[in-house]
Every structure is written in C-alpha cells, then in structure tokens.
1. Which value, in nm² and rounded to one decimal, describes the direction-averaged projected area of the C-alpha convex hull of the chain?
2. Distance in nm between label sites at residue 40 and residue 68, each 7 Å beyond Cα in the beta-carbon direction?
3. Assuming 0.36 nm per residue, please report the length gained on full extension of the stretch residue 55 to residue 1 beyond their Cα-Cα distance.
4. On a C-alpha basis, how far is the centre of the stretch 33-49 from the centre of the stretch 57-81 in Å? Whole number, if you could?
5. Please identify, among 43, 96, 76, the residue showing maximal mean-square fluctuation in a Gaussian network model of the chain using a 10 angstrom Cα cutoff.
6. How large is the accessible surface per residue of the chain, computed with a 1.4 Å probe and reported in Å² as a whole number?
7. Measure off, as a whole percent, the carbon and sulfur share of the 1.4 Å-probe accessible area of the stretch 1-110, all protein chains present.
8. Do you know the relative contact order of the chain, to the nearest whole percent, from alpha carbon pairs under 8 angstrom that are 6+ apart?
Amino acid sequence: QVQLVESGGGLVQPGESLRLSCAASGSDFSGEVMGWYRQAPGNQRELVAYITSRSSTTYASSVKGRFTISRDNTKNTVYLQMNSLKPEDTAVYYCNRLSASYPWGQGTQVTVSS
C-alpha cells in the first residue's frame with residue numbers, strides 16, 4: 001500500500017525559508033512524476049511544482065524563482081525548498097503523483113506570519 005508522509009512545515013516570518021520532505025513507501029517512485037500541492041483554508045488544493053523521473057521541474061507562477069523541487073530516488077523522497085516565503089504561502093502542503101492518484105498523506109502545515 002502506497003503511503004506518503006510529509007514533514008518539515010512550521011511557523012516562519014515573511015522572507016524566511018523552509019524545506020519540506022515527502023517520504024514515499026509501498027512502491028518504487030523513481031519513475032513517477034511527483035508533485036507538491038498546497039491547500040489554504042477555503043481554497044481548493046493547487047499544484048505548486050512537479051518533477052519528472054529525470055528531474056525536469058515545473059513551477060506555478062506564484063512560486064517560480066522562490067521554490068525548488070528536488071528528489072532523491074535512493075531514498076524515495078521528494079523535497080521542496082521554499083525561500084522568501086510570503087503570507088500567501090500559508091497552507092497545508094502535500095505531495096502526490098502528478099495525477100494525484102495516490103492516497104493523500106496528512107500534509108504538513110506551513111504558516112507564514114509576522
């Protein structure tokens with residue numbers, strides 16, 4: 001059974017950084033396109049960034065230049081380095097296949113506030 005566990009969230013001030021991790025188990029993810037999603041209160045879940053099996057990356061315009069997605073296939077882990085955080089980045093962050101077809105994990109809360 002596929003399981004995704006996100007971690008690394010927290011409360012930070014605007015302009016600070018966080019690094020999120022997503023540990024995947026139950027399958028070999030090295031060939032999968034993996035993405036980071038986020039959901040703010042009252043909003044739909046949105047795709048923030050994704051990375052192909054060959055580590056080609058794509059970003060939402062709202063985070064481009066500030067966030068970096070990466071992966072370590074030896075650890076079945078996907079990362080999201082978030083720099084220059086803004087209050088509007090506040091959300092619960094999740095990882096999943098680009099097709100969002102795995103069961104969702106619990107997510108990790110990111111709160112950006114002064």
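The values are calculated or read from the model by the stated rules, or taken from the named source; none is laboratory data. Everything quoted here is computed from the prediction, not taken from an experiment. Virtual Cβ from ideal backbone geometry, glycine too; neighbours counted across all protein chains shown. Note: accessible area is taken over every heavy atom of the protein model, side chains too, but ligands, DNA and RNA are not part of it. Shrake-Rupley method; radii C 1.70, N 1.55, O 1.52, S 1.80 Å.
1. With the hull built on Cα positions only, its mean projection is 6.5 nm².
2. If labels sit at residue 40 and residue 68, their model points lie 2.5 nm apart.
3. Contour length minus the Cα-Cα distance gives 17.0 nm.
4. So the two Cα centres are separated by 13 Å.
5. Ranking 43, 96, 76 by mean-square fluctuation puts 43 first.
6. 51 Å²
7. It is 45 percent, rounded to a whole number.
8. 38 percent
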